[in-house]
Amino acid sequence: MSNAIEYELKGDIAVLRANNPPVNALGHAVRSGLIAGLERAESEAKAVLIVGAGRTYFAGADIKEFGKPLLEPGLPGVCTRIERSPLPVISAIHGTALGGGLEVALGTHYRIAVPSAKVGLPEVHLGILPGAGGTQRLPRLVGADKAIEMITSGRHVSAPEALELGILDEVEEGEVEAIGLAYAQRILDAGLGPRPVGQMPRPEVVDFDTAYEAAMKRGRGQIAPATAIRSIEGACHKGIDAGLEHERNLFMALLNSPQREGMVHAFFNERAVSKLPELKGVAPREVSAIGVIGGGTMGAGIAVAALLSGLDVTMIERDADAAKAGAERVSDILQGSVKRGKLTNEKFDAIMAGRFRASDSYEALGDADLVIEAAFEEMGVKKTIFAELDRVCKKGAVLASNTSYLDVNEIAASTSRRADVLGLHFFSPAHVMKLLEIVVAADTAPDVVATGFALGKMMRKIAVRSGVCDGFIGNRILKTYRTCADHMVLDGASPFEIDTAMTAFGFAMGPFEVADLAGLDIGWATRKRLAPTRDARERVATYADKMCEAGHFGQKTGQGYYVYEKGKRGGTPDVNVTALIEAERRELGITPRAFSQDEIQRRYMCAMVNEAAKVVGEGIARRPLDVDMVLLFGYGFPRHWGGPLKWADLQGLDGILADIQSYAKEDDFFWQPAQLLERLVAAGKTFDDLNKGDTV
Ligand code: CAA
């Protein structure tokens, strides 16, 4: 018998103990071990207990096996085999019973868990549906509506809630195997036999069509949640065997879909992205107290993220009034967390009374282990601040700038300790957004980089390493695809058509909606900053400058590309913008042409991929996966495509290069193909090959 399942006979009860660290994923050895264990138990025991060694019950199928040939026994067969055992089979659950893990538990006849355990069917987050009976057995226990909610959200359900829903039979404090054995003994003592969920009555029919439509809408192109609803529907109409077969067919279609590949790429790489080979064995510096320079939206958001991760924070503003306003901003955000039930009143009081202070004096930073500057985005301002930090901060303190564009080498040069300086680029609102770009300058010491990543982990961010360039990874790529959108506008598309096309692609928002949200003055300032060094061949749209000159900065002024009415969510297209665009086209002698949704999406994505390939080719991002995670966690890129470079792999790089070359016939300055892309196509390789260590 495989070592992945340990077998032990304890009196009348055979214990099948999973031992497949770290999370007891249900790989081939575990599945065959379960079957073998069950067979042996049926020859010598009266009941079977399935339990996990280590930190958890089964956390799911082994995701690493997806996309490889399926090895028998498959998980659906294992669950059915367990369900059909003549002996009562009991699950004792601790940690997480997720996906295939919960499906195994649903195949067993009785389920007990410790109170801290969590169960759930999160398969839709991997682009698939529960394919081992989850869509058939769960609704028989909880009803179709609840099953739809759990499966389409993929949420983790706590043991007490699972008990209430009928997923668990008992919840008991204690060591998991001990409570499982005692429960199994009670079942034997009571003379209870197998109780197969699959033989329970079918769930009642609910309004599946409405649920399907809603899931399609919410999914923004992701098909797994809606497909799962059709599978649950099968449970209402079919017996268990036919229902399982229906589920299997839908599951296999999803398993072989590009969306599953994109989602699994996201799953593994959000974990891989912060593990840098060069930081192996490099200890981060100790950080318990940090300073934040600036109490505006960004500074306050960073302060809150730090406070919520247990750090002490000193905020510095230019005078007492500004310090007070900054402190109020911090307090307001934290109060919001209290209102949403994420923070208790006691914790709020403790933070504001003991762990947070605002000051107008840099001297207050003497004890700070790390300081994050989030002041006005101008080099002169940054240099003055860093000179001050150099003066007041203790030796070994890490000095970070939250700049979004500026040269971190130049900022570092304004101190006498370049090795301690790096960029920590948060995304607004900083206490919500997951992405943190860790910008490594020429002289940044490895343990300072490690400290940046350690801080990211404390704050539960997705931290990505970036080199120094204008805009780093994310904003540099954003600038390029936004420019592509502007070119399409000049040539005949409307900003509203582009937003519609890109939300249909799966983005949370289109580029013009994003601009309105961020404030149009930001882009305006960047354009002015870059104007002196702009290449004469660059096509620049100026209608947005005219909007800014008229004081239209987007949502904050009530008008931008869209008009925003007080109290209403979202905006309506501003006709004045259309007039400005038409005037600019006339001035430039452009006869506008129609753009289909497909063409808008293709050009926009080609621009993004091409710039991303340049960012990787230049070493600004070390690996394609770094770019993918930046776009997923900072820019609303649809997760089911895995990121722009995974998307590109899935489309075929040769087709993308060919399209870029054809667009270059109109504008060979903007559409210069990335050399890395050309090399990959020539070698017949993908971006993902580079993630795996290949070179071209
Ligand atoms: N398969 C393979 N590897 C897995 C895995 C799985 N199901 N779940 C986690 N791992 C790996 C992670 O990649 C990670 O590896 P590295 O250390 O090499 O990076 C390691 O296990 C530990 O994982 P985390 O860092 O995520 O640990 P955590 O304690 O923060 O979280 C967890 C643990 C909640 C179980 C989380 O890992 C998780 O959510 N895993 C996925 C669970 C899931 O989606 N299960 C459903 C699988 S699909 C399925 O079962 C299909 C079906 O119906 C047949």
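Some points to look at:
- Just one residue in the set T56, T80, T96 is hydroxyl-bearing (S, T, Y), open to solvent by 10 Å² or more (accessible area, probe 1.4 Å) and within 11 Å of the ligand (Cβ to nearest atom); that residue is T96.
- Test for Q555: is it at pLDDT 90 or above, over 24 Å from F595 (Cβ atoms), among the polar types (S, T, N, Q) and surrounded by 19 or more Cβ atoms within 10 Å (Cβ to Cβ): no
- Hey, A61 of a type in the set (A, V, I, L, M, F, W, C), open to solvent by 30 Å² or more (accessible area, probe 1.4 Å) and within 26 Å of P139 (Cα to Cα) or not: yes
- Within the range 682-696, the residues that satisfy the criterion of being more than 20 Å from I477 (Cβ to Cβ), at pLDDT 95 or above and either outside any helix (DSSP H, G or I) or of a type in the set (A, V, I, L, M) (or both) are A682, A683, G684, K685.
- Single condition L163 does not satisfy, out of (1) hydrophobic (A, V, I, L, M, F, W, C); (2) open to solvent by 40 Å² or more (accessible area, probe 1.4 Å); (3) not in a helix (DSSP H, G or I): (3)
- Residue check for G294: surrounded by 15 or more Cβ atoms within 10 Å (Cβ to Cβ) and either more than 22 Å from G74 (Cβ to Cβ) or modelled with pLDDT under 95 (or both): yes
- Residue count for the range 51-76, restricted to those that are over 23 Å from I13 (Cα atoms), in a loop (DSSP other than H, G, I, E, B) and aliphatic (A, V, I, L, M): 3.
- Of the residues examined, V104 is not one that is in the same structural domain as V48 (by TED's automatic domain parsing), buried (at least 24 other Cβ atoms within 10 Å of the Cβ) and not in a helix (DSSP H, G or I).
- Across the range 196-217, the qualifying residues are those that are open to solvent by 60 Å² or more (accessible area, probe 1.4 Å) and assigned to a loop (DSSP other than H, G, I, E, B), and the one among them that is farthest from A242 (Cα to Cα) is D207.
- Qualifying residue in the range 141-156 (condition: within 12 Å of the ligand (Cβ to nearest atom), open to solvent by less than 30 Å² (accessible area, probe 1.4 Å) and touching a His at 6+ places or on another chain (Cβ under 9 Å)): yes
Listed here are the residues, each with its yes/no results for (1) within 28 Å of A117 (Cα to Cα); (2) touching a residue at least 24 places away in the same chain (Cβ under 8 Å).
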position: A144; (1), (2): yes, yes
position: E164; (1), (2): yes, no
position: E177; (1), (2): yes, yes
position: A182; (1), (2): yes, no
position: I187; (1), (2): yes, yes
position: P194; (1), (2): yes, yes
position: D207; (1), (2): no, no
position: K217; (1), (2): no, no
position: I232; (1), (2): yes, yes
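- Inside the range 218-245, residues that are buried (at least 20 other Cβ atoms within 10 Å of the Cβ) and modelled with pLDDT of 95 or more make up a count of 14.
- Test: residue in the range 570-592 that is part of a helix (DSSP H, G or I), in contact (Cβ under 8 Å) with a residue 40 or more places away in the chain and open to solvent by 50 Å² or more (accessible area, probe 1.4 Å): yes
- Among the residues of the range 659-672, none qualifies, meaning not one is touching a residue at least 12 places away in the same chain (Cβ under 8 Å), within 24 Å of E278 (Cβ to Cβ) and assigned to a helix (DSSP H, G or I).
Residues checked against (1) β-branched (V, I, T); (2) within 35 Å of the chain's Cα centre (by Cα):
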| position | (1), (2) |
| --- | --- |
| L181 | no, no |
| L192 | no, no |
| R218 | no, yes |
| I223 | yes, yes |
| T227 | yes, yes |
| C236 | no, yes |
| D241 | no, no |
| L244 | no, yes |
| A253 | no, yes |
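- Members of the range 523-557 found to be assigned to a loop (DSSP other than H, G, I, E, B) and either more than 18 Å from L580 (Cα to Cα) or touching a His at 6+ places or on another chain (Cβ under 8 Å) (or both), listed by number: R534, D535, A536, R537, E538, R539, A541
- In this structure, A132 qualifies as in contact with a strand residue (DSSP E or B) (Cβ under 9 Å, 6 or more places away or on another chain), over 14 Å from P196 (Cα atoms) and near the ligand (Cβ under 9 Å from one of its atoms).
- Members of the range 66-77 that are open to solvent by 60 Å² or more (accessible area, probe 1.4 Å) and either closer than 15 Å to G133 by Cα or near the ligand (Cβ under 8 Å from one of its atoms) (or both): none
- With respect to the conditions (1) among the hydrophobic types (A, V, I, L, M, F, W, C); (2) out of contact with any strand residue (DSSP E or B) (no Cβ under 6 Å at 6 or more places or on another chain); (3) within 12 Å of the ligand (Cβ to nearest atom), V119 falls short on a single one, namely (2).
- Condition check for D390: assigned to a helix (DSSP H, G or I) and among the acidic types (D, E): yes
- Qualifying residue in the range 17-39 (condition: within 16 Å of the ligand (Cβ to nearest atom), over 26 Å from A159 (Cα atoms), at pLDDT below 95 and assigned by TED's automatic domain parsing to the domain that holds G174): no
- Scanning the range 218-234 for residues that are away from the ligand (no atom under 15 Å from the Cβ) and part of a helix (DSSP H, G or I) yields R218, G219, A226, I229, R230, E233, G234.
- Count of the range 399-426 residues which are over 23 Å from D367 (Cβ atoms) and either of a type in the set (A, V, I, L, M) or open to solvent by 20 Å² or more (accessible area, probe 1.4 Å) (or both): 8
- Screening R271 with (1) in a helix (DSSP H, G or I); (2) open to solvent by less than 70 Å² (accessible area, probe 1.4 Å); (3) within 30 Å of L631 (Cα to Cα); (4) free of Cβ contacts under 8 Å to residues at least 40 places away in the same chain gives one miss only, at (2).
- Considering T533, T542, T480, the condition of being under 25 Å from the mean Cα position of the chain (by Cα) and either in the same structural domain as R623 (by TED's automatic domain parsing) or not hydroxyl-bearing (S, T, Y) (or both) is satisfied by T480 alone.
- Residue match in the range 258-272 (condition: under 27 Å from the mean Cα position of the chain (by Cα) and among the basic types (K, R)): yes
- Any chance V630 is modelled with pLDDT of 95 or more and outside any loop (DSSP other than H, G, I, E, B): yes
- Residue in the range 501-519 that is open to solvent by less than 10 Å² (accessible area, probe 1.4 Å) and on the phi > 0 side of the Ramachandran plot present: yes
The values are calculated or read from the model by the stated rules, or taken from the named source; none is laboratory data. As the structure is a prediction and not an experimental result, all values here were calculated from the model. We place every Cβ from the backbone using ideal geometry, glycine too, and count neighbours over all the protein chains shown. Just so you know, the surface numbers come from the protein's heavy atoms only, side chains and all, with ligands and any DNA or RNA stripped out. Shrake-Rupley method; radii C 1.70, N 1.55, O 1.52, S 1.80 Å.
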